[in-house]
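Below is one structure, written out as structure tokens; the observations come after it.
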Amino acid sequence: MHETTIRHGRCDCGNLRFTVKGEPVHVHACTCTQCQRSTGSVMSYSAWFPVDMVTIEGPYTLHHHRGPEHPERFRGFCPTCGTGRFFQSGAAFPDTIGLAVGSFADPAFPPPSFVLYWDDRPAWLGEPEAVPVRGQSEA
Ligand SMILES: [Zn+2]
Ligand SMILES: [Zn+2]
């Protein structure tokens with residue numbers, strides 16, 4: 001028997017905190033334009049855990065980025081500092097919560113198993129050697 005892994009993450013100011021049990025169901029990165037805007041960076045990097053393995057503490061704001069007709073799809077974040085992002089994506093990744101891997105500030109966190117929407121990446125970004133990429137049509 002090995003012990004269940006417990007990881008702690010938080011937003012930049014520390015008001016919003018995550019505790020996750022066990023290993024993520026999957027980890028992916030995404031270079032779509034929506035992720036570029038919402039992260040302010042070249043890609044998102046998120047780890048997806050079963051809903052009941054995730055504890056979220058502290059205040060958060062939910063943004064329904066696909067509009068009110070998709071209440072099952074949202075991004076959450078700390079209302080004070082705007083970081084500590086978490087997500088639900090409805091049918092795309094059912095019964096899981098995605099957490100921004102950067103919240104864990106852990107260099108040993110599992111790498112993404114794929115990068116989505118590679119076609120939308122910034123032109124200067126080279127293809128990673130260790131992680132397969134998928135274009136928009138395969139996302
Ligand atoms: Zn914060
Ligand atoms: Zn994306």
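Based on the Cβ-Cβ distance of E127 and A105, what FRET efficiency does E = 1/(1 + (r/R0)^6) give at R0 = 25 Å, to the nearest 0.05?
After rounding, the FRET efficiency stands at 0.45.
To the nearest 500 deg cm²/dmol, what mean residue ellipticity at 222 nm is calculated for the chain from DSSP H runs of n ≥ 4 alone, each contributing -39,500 (n - 2.57), summed and divided by the residues?
About -1500 deg cm²/dmol.
Can you tell which of T5, P107, T19 lies farthest toward the positive end of the dipole of the chain, using +1 and -1 charges on the Cβ of basic and acidic side chains (Lys, Arg; Asp, Glu)?
T19
In nanometres, what is the gap between the two model label sites at D52 and N15, each 7 Å from Cα along Cα-to-Cβ?
3.2 nm
As an exercise, identify the GluC sites (Glu not before Pro) in segment 47-139 lying in DSSP coil whose Cβ has no more than 14 other Cβ atoms within 10 Å.
E69, E72, E129
Across the Cα atoms of segment 6-121, what radius of gyration and what greatest pairwise Cα-Cα distance (Dmax) are found, in Å?
When restricted to Cα atoms, segment 6-121 yields Rg and Dmax of 13.2, 38 Å.
Laboratory data are not the source of any read-out in this text; all were calculated from the coordinates shown. Computed from a predicted structure; not experimentally measured. Because the Cβ atoms are built from the backbone with ideal geometry, glycine has one as well, and the counts that use them run over all protein chains shown.
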